[in-house]
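The values are calculated or read from the model by the stated rules, or taken from the named source; none is laboratory data. Keep in mind it's a predicted model, so treat the numbers as computed, not measured. Neighbour counts run over all protein chains shown; Cβ positions are idealised from the backbone, glycine included. Areas reflect the complete protein model, heavy atoms only, side chains present, ligands, DNA and RNA absent. Shrake-Rupley method; radii C 1.70, N 1.55, O 1.52, S 1.80 Å.
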Amino acid sequence: MKNTIQKLLVRLLLFNLAWITSADETVLKNPDGSWKWTNRLIHETSPYLLLHAHNPVDWYPWGDEAIELAKRENKLIFLSVGYSTCYWCHVMERKVFSNPEIAEMMNKNFVNIKIDREERPDLDEIYMTATQLLVQRGGWPNSVFLTPDLKPFYAGTYFPPTDMPNRPGFPTILDAVHEAWVTRAAEVIESSNQISKTIEMAISRGFTALNARALDRSLTTAALDYLQTAYSHAYGGFGAAPKFPSPANLEFLISEYERNSELQTPPTGNEVLLEMVTQTLDMMAYGGMYDQIGGGFHRYSVDAKWLIPHFEKMLYDNAQLAKIYLRAYQLTQEPRYRRIAEEIFGFIFREMTAPEGGFYSALDAETDAEEGKYYVWTEDEIQAVLGKKESKNFSDIYGVDKGPNFEGKNVLYVPEGPEAEGSVRNLATAREKLLTARAKREYPLLDTKIIVNWNGLMIDALAYGYQVLGEEHYLAAASKAAEFILKTMRKPDGELWHTYTAGVVKQDAYLDDYAFFVRALLTLYQATREEQWLDLAKTLTDRMIQLFWDDKNGGFFYTKADAKHLIVRTKKPYDSAIPSGNAVAVKNLLALGTDYRDYAEKTLRTFAESMAQSPSSFMYMHFALNDYLTPSENFEPAFDAVVAATAEVKGNSDKTFDVELQIKIATGWHINANPTGQDYLIPTSVELDVNAPVEIVEVAYPKGRSMRFEFSDEPLNVYEENLTIPLRLRQKPNVAQKKNAPITLKLTYQPCNDTECLFPATLDVLLELP
């Protein structure tokens, strides 16, 4: 079938038809400024669909009306899938779908359906798989031709308005596809049936727990080997250009580093894992992919050096990366990672937070049809804002002095990387001035959809930010967003909706919505110990199992059983820009305990063979597998030991030693922070024996979490789970130190749970000084 259409395209190309190239907005409007055309998309709420509401194309949203029309008139369906921040989607809208002559061809011979892939990720996956099978590549806009039975048989991505060398224009495509349907319908139908069966095998029926493979370390070892091979030692990240942040890869590396550290694996190889993470985070944070003025990350870098971004900003990227930077800060105590996380949250609060409490989806890459226009600067523009002296200093730090790097203008970056962190901090006021000036520019399109799964990622990150940094407004924002979803995007029967825009909820929720939101609720519970969050997490997990669980083969389907107009009920198991819903579900199920562990294990077994064959596509599942395998391997405190601790020298010079004291607190317990928040409580403290050859010159007690307990009217500051106390030791004058002789740090603490406090205790922690 594919060859037949290609032959027709070649034959039609010989006629070299002359088509009008594009239509600007004046073509679409009457002399009085009113629109010439208005189609059915005017009734939609998606900002992306509304962009097409005045095309001359007779667009339909996906639904009964369009599908029944195609069947009744035996017409092919042209399906166009895109999203609001897709650059080439906008180009095709302007140059193709705004062209009246092309629209006339589309309206005459096709039923034309437009989809926002963020509203319908189920359809997006099915028909993107079709495109990848048909043309061996994919992207958006995704342009797919379907039979009236919704089965794909021909596809592509962006089609230009006119024929180009070695590339047919969209009118040529339309003629060829229509002729194939009119003259060879049986062949088209046969081809579409075969393609649909292949799609089903690729994303649904091919996964089964009957594929016997052990759930053991061989799987995670293979995944780790893949990442180490794909890692770019020059620039961090994985693979060549374009470079994506790949948060799941970084999450897995951190989990492997922490597991090996707890098992006291020899440090040499393990430190390499942390270095892979930190180099990647540094290259991204100081590169042009990070918005150096306003905070937050752009979608990806078009080059291998993280310099020139594709300028769209997505909620899901920034949620995942904020959490990664927080985890890096916890492991390294490097202030730059905290700064990036805080700036991401600042950007989200300033530009992506709805008054209702949820978080918007995305910011477009272009303004005035110009990519990156809102974000780039000339040297003169910077000088006009900062003045000559300050702009000179700013330009030296942010690479402007090296000349334009993007279409005659500058994408700001920090060429010196971490070495310039002090200068970056000193230029905070200059950045604020430039941010104020930038806000006066025409703003990119803001996609105001509130999507449950993406909001789940941001709620999770903010609640985790509160756990790490103790900032109350992070917890407040996370709680408000969660409450908004529960009150506004939950049906009377307890099920969730997928999206909310302009007061309208739409689409039954998908697996991702339940899994990601439950993840957020669990993190809220960890942050607050408020039982309501845990109860809601269990309730929604039970509903997720009821709606999506595959009793036959294991794992979770992506859509409900009663979802309409789907040629495949997929499991959507692969990671994309966001983790697989199945993988996040596994982590949730394991966290919820023994009552849910069987579902987690069966899901892992369902995808184990695919995890082995394609580790890069299942990295978050490997991250979840670490949780499954860890209980028998982890170093845990003895049953009667509430607190365990280790200490390690991280650096030394001139008779001083930088030390990290790692403390692990048993689940359900906490110890008083330093300070405690109340005078009569005993704070956690670190001391040395008076006879030790060294003395403590500095201790940086982390900020505790503020919590309320029944026995106190005032909040208390406490530590839970894991924490690090950095301290600096100095050799005492005129006191000899024996080489490699251990000294003893004395950790004093008082452990409590929700109902009782134990007596204060002192734990001796051995530390070997080099």
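Among the candidates 480, 487, 552, single out the residue that is under 21 Å from the mean Cα position of the chain (by Cα) and open to solvent by 50 Å² or more (accessible area, probe 1.4 Å).
Values: 487 fails: under 21 Å from the mean Cα position of the chain (by Cα); 552 fails: under 21 Å from the mean Cα position of the chain (by Cα).
On inspection, the qualifying residue turns out to be 480.
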- Within region 155-178, considering residues that are open to solvent by 30 Å² or more (accessible area, probe 1.4 Å) and in a strand (DSSP E or B), the one farthest from residue 110 (Cα to Cα): 164
- Note on the structure: Of the candidates 696, 682, 725, the one satisfying the condition of being farther than 19 Å from residue 329 by Cα, outside any loop (DSSP other than H, G, I, E, B) and either at pLDDT 85 or above or open to solvent by 40 Å² or more (accessible area, probe 1.4 Å) (or both) is 696
- State whether one or more residues within region 300-314 are of a type in the set (A, V, I, L, M, F, W, C), open to solvent by less than 20 Å² (accessible area, probe 1.4 Å), touching a residue at least 24 places away in the same chain (Cβ under 8 Å) and in a helix (DSSP H, G or I). no
- Which ones in region 89-117 are open to solvent by 40 Å² or more (accessible area, probe 1.4 Å) and more than 24 Å from residue 29 (Cβ to Cβ)? 117
- Message: Please go through region 75-126 and give me each residue that is within 25 Å of residue 454 (Cα to Cα) and either in a helix (DSSP H, G or I) or free of Cβ contacts under 8 Å to residues at least 12 places away in the same chain (or both), ordered by number.
- Response: 87, 88, 89, 90, 121, 122, 123, 124, 125, 126
- Message: Condition (residue is in contact with an Asp or Glu (Cβ under 9 Å, 6 or more places away or on another chain) and more than 24 Å from residue 255 (Cβ to Cβ)) applied to region 279-286: is it met by at least one residue?
- Response: yes
- Task: Looking only at region 556-594, count how many residues are under 24 Å from the mean Cα position of the chain (by Cα) and either in a helix (DSSP H, G or I) or free of Cβ contacts under 8 Å to residues at least 24 places away in the same chain (or both).
- Result: 12
- Note on the structure: The correct count of residues that are closer than 23 Å to residue 443 by Cβ and not hydroxyl-bearing (Ser, Thr, Tyr) in region 303-328 is 13
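Quick grid of which residues meet (1) among the charged types (D, E, K, R); (2) in contact with a Gly (Cβ under 6 Å, 6 or more places away or on another chain); (3) open to solvent by 30 Å² or more (accessible area, probe 1.4 Å); (4) under 30 Å from residue 88 (Cα atoms):
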{"position": "334", "(1), (2), (3), (4)": "yes, no, yes, no"}
{"position": "353", "(1), (2), (3), (4)": "no, no, yes, yes"}
{"position": "380", "(1), (2), (3), (4)": "yes, no, yes, no"}
{"position": "384", "(1), (2), (3), (4)": "no, no, yes, no"}
{"position": "392", "(1), (2), (3), (4)": "yes, no, yes, no"}
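For region 127-154, which positions are assigned to a loop (DSSP other than H, G, I, E, B) and at pLDDT 95 or above?
The answer is 141, 147, 148, 149, 150, 151.
Report yes if residue 128 is surrounded by fewer than 24 Cβ atoms within 10 Å (Cβ to Cβ), among the hydrophobic types (A, V, I, L, M, F, W, C) and touching a Leu at 6+ places or on another chain (Cβ under 6 Å), otherwise no. Explain how you work it out, then say what you get.
Details: surrounded by fewer than 24 Cβ atoms within 10 Å (Cβ to Cβ): yes; among the hydrophobic types (A, V, I, L, M, F, W, C): yes; touching a Leu at 6+ places or on another chain (Cβ under 6 Å): no.
For residue 128, the condition - surrounded by fewer than 24 Cβ atoms within 10 Å (Cβ to Cβ), among the hydrophobic types (A, V, I, L, M, F, W, C) and touching a Leu at 6+ places or on another chain (Cβ under 6 Å) - is not met.
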